[in-house]
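The values are calculated or read from the model by the stated rules, or taken from the named source; none is laboratory data. Being a predicted model, the structure only gives us computed values, none of them experimental. Here the Cβ positions follow ideal geometry from the backbone for every residue, glycine too, while neighbour counts run over all protein chains shown.
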Amino acid sequence: MKKLIPFVFTLCLVFACGELLPNPDEHPENITRENPEGNGQSKPEFAIIIHGGAGTILKKNMTPENEAAYKAKLEEAIRVGYNVLKNGGSSLDAVTKTINVMEDSPLFNAGKGAVFTNAETNELDASIMDGKTLNAGASAGTTTVRNPIDLARAVMDKSKHVMLSGKGAEIFAEEQGLTIVEPEYFYTERRLESLKRVKEREAKTAGKVDNESAYIDFYDADIKNAKFGTVGCAALDKNGNLAAGTSTGGMTNKRYGRVGDAPIIGSGTYANNATCAVSSTGWGEYFIRAQVAHDISALMDYKGISLKEASKIVLDKVADLGGDGGIVAVDKNGNMVAEFNTAGMYRATMNDKGKLTIGIYEK
Ligand code: ASP
């Protein structure tokens, strides 16, 4: 019996320690994270992911020249952000500078190349968020600011507000010394053609459907695709700070000062160092209603699920409502996710090893 006492005591001690020791699954910060490719390496020092819009992007509709042009621009853009991060710069700077490249390209529906409103104007929206401070800035409906993401950034850094719109936002942009252009700067033949086609289709279907949502089902693939093309970026820097930003011309044929999800913090953009940074693209009305970007972060926060799982759940919710689109995101451990429920999404990633991936179609 005497011999049994120390044995039972040791056994109890082992069980007690088991209870007290943290379970790595309940304390994710205690376990070493895999990198996005899951090849067993430890948490990356930094990471960056971008999108150039989701939509009915099908290989059969794409010329090799077009495909090459999109890939080249995606690579050029992401390399700018990668270099910022590699040199120890902030995720906010990486996001801003990467988006600038896509805004200056007519390939994407942001900055130069923005889609046309019903009144044949270009009205641009953008937003940015800092995951460290939860500071955010956004602008909506501007017509003269060359790089709306710079305006969103200035709203965040240099004003007391989170969102400015229209004329007031343009006055603020001028005061801040941002580059101002004539509204015609945003004109592109291709986007005007898209507007004409959408209007022709609208005229043909007039009276047959009673709301925009039903009407959009009448679009052919080209037209539906022409409605999208927003750009966005999410990044993690060497200091562990997350940031995300989104910039867009909105949706072709939009009316009455319509504002989509892109400048709405929590819908188009969200970043929080506790969870992830997200940029959305797609049918904005649904992304606003589903609060896509914040919901992904909230699911991770409240339920402790992965970025990938959370993104799927939220995009399914968008689909259930009748909308479509996608997101790019990076979590605090550098895991990157590009998720979409459309036929394609222009996208690219780079990790701290300089590994580049570029995607356009579903597979
Ligand atoms: N989400 C944008 C909007 O609804 C459009 C897009 O992503 O291309 O304004």
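The table below gives the values:
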item: Residue within the stretch 43-51 that is more than 29 Å from ASP324 (Cβ to Cβ), at pLDDT below 95, surrounded by 10 or more Cβ atoms within 10 Å (Cβ to Cβ) and away from the ligand (no atom under 16 Å from the Cβ) present; result: yes
item: Selection status of GLY257, in a strand (DSSP E or B) and at pLDDT 95 or above; result: no
item: Selection status of ASN83, closer than 16 Å to LYS238 by Cβ, part of a helix (DSSP H, G or I), over 18 Å from the mean Cα position of the chain (by Cα) and among the polar types (S, T, N, Q); result: yes
item: Residue match in the stretch 239-247 (condition: assigned to a loop (DSSP other than H, G, I, E, B), at pLDDT 95 or above, within 16 Å of the ligand (Cβ to nearest atom) and surrounded by 24 or more Cβ atoms within 10 Å (Cβ to Cβ)); result: no
item: Pair list, Cβ < 8 Å and 6+ apart or interchain, from the stretch 186-207 residues that are polar (S, T, N, Q) to residues that are assigned to a helix (DSSP H, G or I) and surrounded by 14 or more Cβ atoms within 10 Å (Cβ to Cβ); result: SER194/ILE223; SER194/ALA226; THR205/TYR215
item: Test: residue in the stretch 274-296 that is of a type in the set (Gly, Ala, Ser), surrounded by fewer than 22 Cβ atoms within 10 Å (Cβ to Cβ) and modelled with pLDDT under 95; result: no
item: Answer residue from the stretch 273-295, given it is assigned to a helix (DSSP H, G or I) and more than 12 Å from the ligand (Cβ to nearest atom) and is nearest to CYS233 (Cα to Cα) among those; result: HIS294
item: Unmet requirement for TYR270, which otherwise passes all of (1) part of a loop (DSSP other than H, G, I, E, B); (2) farther than 19 Å from VAL145 by Cβ; (3) within 14 Å of the chain's Cα centre (by Cα); result: (1)
item: Leading residue by the ranking (farthest from the ligand (Cβ to nearest atom)) among those in the stretch 252-264 that are on the phi < 0 side of the Ramachandran plot and surrounded by fewer than 24 Cβ atoms within 10 Å (Cβ to Cβ); result: ARG255
item: Selection from the stretch 158-183 of residues that are assigned to a loop (DSSP other than H, G, I, E, B), closer than 10 Å to VAL145 by Cα and not β-branched (Val, Ile, Thr); result: LEU178, GLU182
item: Condition met for VAL101 (under 14 Å from VAL231 (Cα atoms), touching a residue at least 60 places away in the same chain (Cβ under 8 Å) and surrounded by 21 or more Cβ atoms within 10 Å (Cβ to Cβ)); result: no
item: Total residues in the stretch 117-143, condition in contact with a Gly (Cβ under 8 Å, 6 or more places away or on another chain) and under 14 Å from THR188 (Cα atoms); result: 3
item: Whichever residue in the stretch 304-363 is hydrophobic (A, V, I, L, M, F, W, C) and in a helix (DSSP H, G or I) and, among such residues, is surrounded by the most Cβ atoms within 10 Å (Cβ to Cβ); result: ALA310
item: Odd one out for ALA234, checked against (1) near the ligand (Cβ under 10 Å from one of its atoms); (2) among the aliphatic types (A, V, I, L, M); (3) buried (at least 24 other Cβ atoms within 10 Å of the Cβ); (4) outside any loop (DSSP other than H, G, I, E, B); result: (1)
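Each row is one residue, and each column tells you yes or no for (1) modelled with pLDDT under 85; (2) buried (at least 22 other Cβ atoms within 10 Å of the Cβ); (3) under 27 Å from VAL278 (Cα atoms); (4) not polar (S, T, N, Q).
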position	(1), (2), (3), (4)
ILE128	no, yes, yes, yes
THR143	no, no, yes, no
GLU170	no, no, yes, yes
ARG190	no, no, no, yes
LYS196	no, no, no, yes
LYS208	yes, no, no, yes
TYR215	yes, no, no, yes
GLY229	yes, yes, yes, yes
